[in-house]
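The values are calculated or read from the model by the stated rules, or taken from the named source; none is laboratory data. Quick caveat, the model's predicted, so the values are computed rather than measured. A quick note on method: Cβ atoms are made from the backbone with ideal geometry, for glycine too, and the neighbour counts reach across all protein chains shown.
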């Protein structure tokens with residue numbers, strides 16, 4: 001999630017876009033966003049106007065402290081290759097056939 005927010009720290013992103021970029025389900029995504037906002041690492045606001053056909057969205061972006069924290073966390077995180085289908089590889093259990 002930090003990588004998605006840090007890609008353009010000045011850009012406001014809505015939760016659905018962050019979910020699409022990260023693959024996180026809303027039940028995981030929004031509690032994380034709330035915790036980051038509580039720690040003042042992100043700021044949140046509502047869209048200015050309600051577009052036709054849908055409700056206004058809540059928008060998020062990193063604060064200056066959030067940018068520093070995100071860059072530090074991303075620098076420390078080991079790069080993990082992801083499978084082509086975009087989901088983490090499933091571990092095979094010994095009981096699933098094989099040795």
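Please go through the range 8-29 and give me each residue that is in contact with a strand residue (DSSP E or B) (Cβ under 9 Å, 6 or more places away or on another chain) and surrounded by fewer than 17 Cβ atoms within 10 Å (Cβ to Cβ), ordered by number.
Across the range 8-29, the qualifying residues are 8, 9, 10, 11, 12, 14, 21.
Search the range 7-29 for residues that are in contact (Cβ under 8 Å) with a residue 24 or more places away in the chain and at positive phi and pair each with any residue that is part of a loop (DSSP other than H, G, I, E, B) and exposed (fewer than 15 other Cβ atoms within 10 Å of the Cβ) when their beta-carbon atoms are under 8 Å apart and the residues are at least 6 apart or on different chains.
From residues that are in contact (Cβ under 8 Å) with a residue 24 or more places away in the chain and at positive phi, the pairs are 23/86; 23/87.
Could you tell me whether the range 84-92 includes any residue that is in contact with a helix residue (DSSP H, G or I) (Cβ under 6 Å, 6 or more places away or on another chain) and modelled with pLDDT under 95?
No, every residue in the range 84-92 fails to be in contact with a helix residue (DSSP H, G or I) (Cβ under 6 Å, 6 or more places away or on another chain) and modelled with pLDDT under 95.
Any idea which of (1) surrounded by 15 or more Cβ atoms within 10 Å (Cβ to Cβ); (2) at pLDDT below 95; (3) in contact with a strand residue (DSSP E or B) (Cβ under 8 Å, 6 or more places away or on another chain) is the one residue 42 doesn't satisfy?
(2) is the only condition that residue 42 fails.
Conditions first: (1) at pLDDT below 95; (2) touching a helix residue (DSSP H, G or I) at 6+ places or on another chain (Cβ under 7 Å). Residue 7 passes all but one, so which condition is the exception?
The one condition residue 7 does not meet is (2).
Determine which member of the set 36, 24 is farther than 19 Å from residue 66 by Cα and within 11 Å of the chain's Cα centre (by Cα).
The unique qualifying residue is 24.
Within the range 56-67, does at least one residue satisfy the condition of being in a loop (DSSP other than H, G, I, E, B), over 16 Å from residue 1 (Cα atoms) and free of Cβ contacts under 8 Å to residues at least 40 places away in the same chain?
Yes.
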